[in-house]
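K.L.:
The structure that follows is given in the form of structure tokens.
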Amino acid sequence: MEIKEILARVAEGSLDIDAAAASLEGTLDLGHTMLDLSRPQRNGFPEVIYGAGKTPQQLVDIVRHLRKHSNVLATRVSKEGAEAVLKEVPQAQYYETGRTLVCRDFPVIETGEVGIITAGTSDLPIAEEARISCEILGCRPTLIQDVGVAGIHRLFKRLEEIRRMDVLIIIAGMEGALASVIGGLVAAPILAVPTSAGYGASFGGVSALLGMLTSCASGVSTVNIDNGFGAACAAGRICSMRRK
């Protein structure tokens with residue numbers, strides 16, 4: 001936040017003195033966590049909470065303080081952690097399929113359209129993580145699911161719609177071939193997300209990861225296994241640059 005905005009919010013009572021001081025300093029020490037409050041000025045979007053490994057009380061503390069400064073996105077949040085946050089912050093929303101939790105207290109400027117395409121229904125949890133992350137980062141996501149290469153005719157029915165998107169996030173397990181197929185059919189930047197869906201020889205997503213990394217389609221970029229959030233962040237940056 002700019003200094004004028006901080007002072008105005010203190011004057012109207014929507015920001016307490018401690019939070020205002022933290023905003024000016026750029027960090028807020030919660031004891032167990034050091035919040036980075038100046039990240040929007042450096043990166044274009046606020047700090048995101050990685051929920052895995054955090055206790056419910058730690059999540060509550062982080063969300064309660066962070067939402068004074070920005071919208072809140074938490075990923076990999078357990079149901080137990082979400083229940084604790086919702087009890088403290090009823091305005092929060094928890095999306096169980098993607099294990100994401102958000103607080104929307106500030107307006108978001110839309111920057112572009114992102115197509116999120118899954119090979120199969122088993123990839124949906126990662127797609128949901130990407131979808132909610134895109135929304136909070138200012139992108140307008142469209143989910144196109146279950147159009148994998150085992151029934152490729154399903155993909156062709158949506159191809160015209162897919163070609164209208166600014167960025168594509170392709171999510172697939174097994175051998176990860178969907179990213180290469182779409183990469184040869186569209187002009188938009190492609191962010192490939194390998195998932196851990198698959199039988200033993202898929203090695204928990206390693207087969208899909210290697211397939212996407214060695215894609216013969218030009219311009220396919222690959223993120224880590226099951227990392228829907230990482231793909232959404234990259235999509236958000238691309239859309240933001242296109243808007244500028």
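K.L.:
Report yes if some residue within region 98-112 is closer than 15 Å to D146 by Cβ, outside any helix (DSSP H, G or I), of a type in the set (V, I, T) and in contact with a Gly (Cβ under 9 Å, 6 or more places away or on another chain); otherwise report no. So that I can check it myself, show each step before the final result.
P.N.:
Within region 98-112, the first condition is being closer than 15 Å to D146 by Cβ, and the residues that meet it are none.
For region 98-112, residues closer than 15 Å to D146 by Cβ, outside any helix (DSSP H, G or I), of a type in the set (V, I, T) and in contact with a Gly (Cβ under 9 Å, 6 or more places away or on another chain): absent.
K.L.:
Do the conditions hold for G53, that is, is it surrounded by fewer than 16 Cβ atoms within 10 Å (Cβ to Cβ), within 20 Å of the chain's Cα centre (by Cα) and over 19 Å from S133 (Cα atoms)?
P.N.:
Working: surrounded by fewer than 16 Cβ atoms within 10 Å (Cβ to Cβ): yes; within 20 Å of the chain's Cα centre (by Cα): yes; over 19 Å from S133 (Cα atoms): yes.
When the stated conditions are applied, G53 passes them.
Residues checked against (1) under 14 Å from the mean Cα position of the chain (by Cα); (2) among the acidic types (D, E); (3) over 30 Å from S14 (Cβ atoms):
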{"site": "T75", "(1), (2), (3)": "yes, no, no"}
{"site": "G120", "(1), (2), (3)": "no, no, yes"}
{"site": "M165", "(1), (2), (3)": "no, no, yes"}
{"site": "I171", "(1), (2), (3)": "yes, no, yes"}
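K.L.:
Would you mind telling me which numbered condition in (1) modelled with pLDDT of 90 or more; (2) surrounded by 24 or more Cβ atoms within 10 Å (Cβ to Cβ); (3) in contact with a Pro (Cβ under 8 Å, 6 or more places away or on another chain) L66 fails?
P.N.:
(1)
K.L.:
Among the residues that make up region 207-226, is at least one of them among the small types (G, A, S), in contact with a helix residue (DSSP H, G or I) (Cβ under 8 Å, 6 or more places away or on another chain) and over 15 Å from I170 (Cβ atoms)? Steps first, please.
P.N.:
If we filter region 207-226 for residues that are among the small types (G, A, S), which is where we start, we get 207-208, 211, 215, 217-219, 221.
Remaining after also requiring in contact with a helix residue (DSSP H, G or I) (Cβ under 8 Å, 6 or more places away or on another chain): 207-208, 211, 215, 217-219, 221.
Filter once more, keeping what is over 15 Å from I170 (Cβ atoms): 207.
Within region 207-226, one or more residues are among the small types (G, A, S), in contact with a helix residue (DSSP H, G or I) (Cβ under 8 Å, 6 or more places away or on another chain) and over 15 Å from I170 (Cβ atoms).
K.L.:
From the residues in region 208-222 that are surrounded by fewer than 21 Cβ atoms within 10 Å (Cβ to Cβ) and of a type in the set (A, V, I, L, M), which one is farthest from V114 (Cα to Cα)?
P.N.:
Only one residue tops the list, namely L210.
K.L.:
If you check E83, E88, which single one turns out to be surrounded by fewer than 17 Cβ atoms within 10 Å (Cβ to Cβ) and out of contact with any strand residue (DSSP E or B) (no Cβ under 9 Å at 6 or more places or on another chain)?
P.N.:
Working: E83 fails: out of contact with any strand residue (DSSP E or B) (no Cβ under 9 Å at 6 or more places or on another chain).
Exactly one of E83, E88 is surrounded by fewer than 17 Cβ atoms within 10 Å (Cβ to Cβ) and out of contact with any strand residue (DSSP E or B) (no Cβ under 9 Å at 6 or more places or on another chain), namely E88.
K.L.:
Something else now. So the check is Cβ under 7 Å with 6+ separation or different chains; which pairs have a first residue in region 49-69 that's in the same structural domain as L137 (by TED's automatic domain parsing) and a second one that's outside any helix (DSSP H, G or I) and among the charged types (D, E, K, R)?
P.N.:
Note: no pairs meet the criteria.
The values are calculated or read from the model by the stated rules, or taken from the named source; none is laboratory data. Computed from a predicted model, the values in this text were never measured in an experiment. In this analysis, Cβ positions are derived from the backbone assuming ideal geometry, glycine residues included, and neighbour counts consider all displayed protein chains.
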